[in-house]
Amino acid sequence: MIDLRDVDLDYGAHTVLKDVSFQSGRGEFLGIIGPNGSGKTTLLKAISRIVTPSNGTILLDQRELADFAPLELSREIAVVPQASDPGFDFSVRDVVRMGRYPHIGRFGSERDEDRDICCKVMEITGINALTDRSVRAISGGELQRVIIARALAQEPNLLLLDEPTAHLDLGQQMVILQTMKNLSREIAVIGVFHDLNYAAHYCDRLILLHDHRILAMGDPAGVLTEDSIRTAFGIDVIIRSNPFTGRPSISPVYKPEGRNRTCGKVHVICGGGEGSDLLQALHAEGCEVTAGILAVNDSDYRAAKALGIPCIVEPPFSPVTDRSLGELTLALEDARAVILTRGLWGAGNIGNLRVLESANIRKVIILDRQAGEQDEWDYTGGEAEAILERLAAGGAIRVKDIRSAAAAARNTIGGEPCTD
Amino acid sequence: MQKREYILFLLLLAAVVSILVCTVIGPAGIPFLGLAEDESASIILFSVRLPRVIAAMLVGFGLAAAGVVMQGLFRNSMADPYLLGTSSGGALGAAVAIVFLGGAFHWVLAFVGCFAATFLVYGISRRGGRIPVEQLLLTGIAVSMFLSAILSFLMYTAGKSLHQIFLWLMGGFWNISWNDVWIGLFIVPASLALLLFSRELNIFSLGEEDALHLGVDIEFLKKGLLLASSFITGIAVAIAGSIGFIGLITPHLMRLVVGPDHRILIPASMMAGGILLVLSDTLARTAGNEVPVGVVTAFFGAPFFIFLLKRRYME
C-alpha cells in the first residue's frame, strides 16, 4: 500500500536519510527503530507528507503521495504525534470528533454514523469516562489516548505512530500497543519505537536506521542482533529468545563501574544457558572472566561473546576434545577462582569436571540447585555427582544464587581496586 | 447545543436593546413624546446619535471577530487584531492624510495602510509558499515598530496637525455620519465569511501539524483568515481609529461563556464586542467633555485583562 522508492530526505543542507526503500501494507505492524537523530521521525513525516523527499518517490496505493488532495490524504493516513499541545479548552468529545473532519469537510454536518464511530474509538482507547472533560485538564497519558482516538476516528488505512506510548505508564503502554497490534490486522500500522523490546514483541517487521541509511530490515529476530545493536546504538546487549513468544528479548549489558574494577581472573564452567546471567553479573562486578568449555550453539557462548569474554569452544553437539581440555587446564591454573554453574552433565562434558578435580584449584564455587528442583541432571551414572561431593568436601563453597556466587568470587580474588 | 443557541439569542437581544437605549442617552435630553414636533431633537437622534451607535456596534463586531481569528490562528489568547502591523499601518496612513492632504481621504488611507501593512508582513514571512506562524508574529512586531517610527517622525514634524493625529490615534466616533455606517456594513459579511472557516479553526488550534494530518488545507486557511480579518480590521480602523482591548478581551470573555468552539465563539464574540463598544462609547460621550473611546476601553480593559491573566495563572 505504501511504497517508498530510493527516497532521500534532507533537512536544509544536512542529509537525514539516503536511499530508503521499503513497502508495507494492510495486516502489517512495521516498526522503525534506531538511535536518536537517525531520522525515524523524519521518515514518518515524509510518509505523512509534512516533509518532501529531495529524491525518490513515495507511492500510496500506486499513486504519488504528492497527488493527493489534503482531505483525501487524511482519509488514508492518520498520525499520532509524539506529543500534542491542546491549546484551548476543548472537551475530549470535541477533539475526537475533529477526527471526522476528513469525512465531513468544511460545510457538511455530523451524521449519526460520525457520532457512532467516535463512540466506538473512545471505547477502544478507553476514554469513555473522560468525554466531557477538558483536554487541558487531563493527564498526559489520557491526552495521548484522546489523540489516538482522534486518529482512529479518521478511519485511516495507514496509521503512523511516533513513539505513541512515550507518555504512558507500563500498563497503558501494553494496552495501547496491543490495540495497535489488533488494528494492524485490518490496516497498515507503522510506528517509531525507542523501546526495542516493545518493537520486537509487537511488530511484524522492523527497520533499523543508522548512519542515514537502513542498516537492517526484516523480522525482529533477524534485525535485532548483538552486532546490529552494537553498530547502531554503540552498546553491548544480550539477546535471548522469549520462550513463550519466540520474539527476541534484549537486555543491555551494564558496564562495570570504575571503582569496582578488580584484578584477578574468574573462570566459569557453564553451558545450556545456565551461565549467561552469572557472566553478566561477574562482568558488571569488574571481574576478568573466562568461560568454557562451551559449544558454539550454546546461548552461554553468545552471551560470553557479547560481553567480550574469552571462551574455550567446541563445535556443536560434540564431546570435549583433549585440545580444549588442555586449554581448560591452562585457564584453570590462571584463575583465582572457578565457578561451576548448574547444568546437565553427560559423557560429552564430564571432561570439564574431571579436569577441575585434578587441577587443584584454590577456590571452587558451586552454584547449587534450588531446593525442590528434582529433575535429573546427572547423566554420567553418578560420576558427576560424586565429583561435586568430593569438591565440596575438599573446601568448595556452595552458594544458592548468582548474586552470592559473584560475591563469593569477589571475596576470593579480593575487592581491591585495580592498581594498574 | 440548545444552551449555546439560547446564549446567542440573549446576546442578540442585548445588542438590540443597547442600540436603542444608548441612542436615547446623551447630554442633550430628548423628549420622547414630543419627538415628531422637535426638529433639532430629531436631528440629534437620527443624524448624530443613531449612526454613531450603529457604527460602534459594527466596529465592535469586526474587532471581536478579527480578535477571535487571530487568537485561534496564533493559538494564543493574548493575540489581537492589531498583531500584524494593522494598527500602525492604519495610523500611518491616516497621519499621512492629515499632514499632507489636510485630512482629506484619511479613512481611505487608513484602510490602505492597514491592508498594506498586513500584506507586507505576510510577504516577508512567506517561505516557499508556506507562512510559518511564529515567523508571521515576529515579522508583525518588527513591521509595527518600523511603521511606528515613521509615524513618530511625522508627528514630530507635524506642527499644528499634531493634535488631530493624536485624536485619531486614540480612536473615537465623534465625527460619524451615515456614510461611515454604510462602509461599516461591509464588516458583517466579512465576519460571516470567517464563520465558514470555524471548523478548520477549531482543528487548527490543536497545532499546525495536527491540522495538516486531519486534512486541513492550512496555507489556504491562513491566507483566507488573514485576508478577511485584515479587511475587517482595516475598515474598523478607518472608521474609528485603533481602539484597543475590544479585540483582545471580548474573545477571552466569550471563551469563558460559550467555550472554545469557533462556530459559536465567533458570533457570540461579535455580539459581545459590539455591545461593549457601544456601552464604552456612550460612556465616553456622556462622561465629561467627549473622552476618546480608546481611553475608556483601555481604562476598563487593561485591569480586566490583568485579572484574566492572573486567573489563568492561578489555574
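The values are calculated or read from the model by the stated rules, or taken from the named source; none is laboratory data. Quick caveat, the model's predicted, so the values are computed rather than measured. Quick reminder, even Gly has a Cβ in these numbers, built from the backbone with ideal geometry, and neighbours come from all protein chains shown. Protein only, heavy atoms only, side chains kept; ligands, DNA and RNA dropped before computing areas. Shrake-Rupley method; radii C 1.70, N 1.55, O 1.52, S 1.80 Å.
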Problem set entry | Cα shape, region B:240-291, gyration tensor, a/c 1.5 rule | prolate
Seminar exercise, completed: Rounded to two decimals, the Debye log10 I(q)/I(0) of region B:2-314 (Cα scatterers, no solvent) at q = 0.14 Å⁻¹ is -1.06
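Filter the DSSP H helices in chain B by two things, a Kyte-Doolittle mean of at least 0.0 and an axial alpha-carbon span of 30 angstrom or more, and list the hits by number. Show your work: numbers first, answer last.
Working: long enough: B:2-24 (34 Å, 1.71); B:50-73 (34 Å, 1.70); B:133-156 (34 Å, 1.72); B:218-240 (32 Å, 1.56); B:262-286 (36 Å, 0.99); B:293-314 (31 Å, 1.22).
Those that clear 30 Å and a mean of 0.0 are B:2-24, B:50-73, B:133-156, B:218-240, B:262-286, B:293-314.
Once Rh is set to the Kirkwood radius over Cα pairs, what Stokes-Einstein translational diffusion coefficient, in µm²/s, holds for chain A at a temperature of 4 °C and a viscosity of 1.567 mPa s?
Numbers: Rh = 25.0 Å.
Reported coefficient: 52 µm²/s.
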Exercise. If the viscosity is 1.002 mPa s and the temperature 20 °C, what Stokes-Einstein diffusion coefficient in µm²/s follows for region B:1-131 when Rh is the Kirkwood radius over Cα pairs?
Worked result: 117 µm²/s
For this session: Could you rank the peptides A:24-33, B:66-75 by their average count of other C-beta atoms within 10 Å per residue, with the highest value first?
Result: B:66-75, A:24-33
Problem set entry | Overall Cα dimensions of the protein assembly as shown, principal axis frame, Å, largest first | 133, 58, 48
For this session: Give, as ranges by residue number, the residues of region A:263-305 whose backbone N falls under 18 Å from the point 7 Å along Cα→Cβ of residue A:321.
Result: A:292-298
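Just the number, please: percent antiparallel of the DSSP beta bridges in chain A, rounded to the nearest 5.
40 percent
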Seminar exercise, completed: Per GNM of chain A with C-alpha springs under 10 angstrom, the most fluctuating residue out of A:161, A:388, A:17 is A:388
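Summarise the long-distance tail of P(r) for region A:2-251 by giving the % of C-alpha pairs beyond 32 Å.
Details: 7013 of 31125 pairs.
The share of Cα pairs beyond 32 Å in region A:2-251 comes to 23 percent.
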For this session: Measure out, as a whole number of angstrom, how far apart the alpha-carbon centroids of region A:23-74 and region A:126-189 sit.
Result: 20 Å
Exercise. Once Rh for region A:62-101 is found with the Kirkwood sum over Cα pairs, what is the Stokes-Einstein diffusion coefficient at 4 °C and 1.567 mPa s, in µm²/s?
Worked result: 105 µm²/s
For this session: Please work out the C-alpha center-to-center distance from region A:325-351 to region B:76-130 and express it in whole Å.
Result: 88 Å
Exercise. Taking the alpha-carbon set of region A:332-409, what are its Rg and Dmax in Å?
Worked result: 12.2, 35
For this session: Hey, can you grab everything whose amide H is under 5 Å from the amide H of residue A:238? Only 5+ residues off in sequence or another chain; H modelled, so Pro and N-termini drop out.
Result: A:251, A:253
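What's the buried accessible area, both sides, between B and A using a 1.4 Å probe, rounded to 100 Å²? Walk me through the numbers on the way to the answer.
Values: alone 15110 and 20190 Å², together 32820 Å².
That pair of chains buries around 2500 Å² in total.
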Exercise. In Å and whole numbers, how far do the C-alpha atoms of region B:198-314 stretch along each principal axis, longest first?
Worked result: 56, 37, 19
Problem set entry | Phi-based couplings in Hz for region A:335-345 (Karplus 6.51, -1.76, 1.60; Gly and Pro marked x) | 7, 8, 8, 10, 10, 10, 8, 5, x, 9, 10
Exercise. Radius of gyration and Dmax for region A:258-413's Cα atoms, expressed in Å?
Worked result: 14.3, 46
Problem set entry | Gain on full stretching of the segment that runs from residue B:306 to residue B:135 - 0.36 nm per residue minus C-alpha separation | 58.9 nm
For this session: Would you pull out the residues with amide H under 5 Å of residue A:154's amide H, same chain only if 5 or more places away, H placed 1.01 Å from N?
Result: none
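Just the accessible area per residue of the protein assembly as shown, please: how many Å² with a 1.4 Å probe? Don't skip to the end; give the middle numbers.
Details: 32820 Å² over 735 residues.
Solvent-accessible surface per residue comes out at 45 Å².
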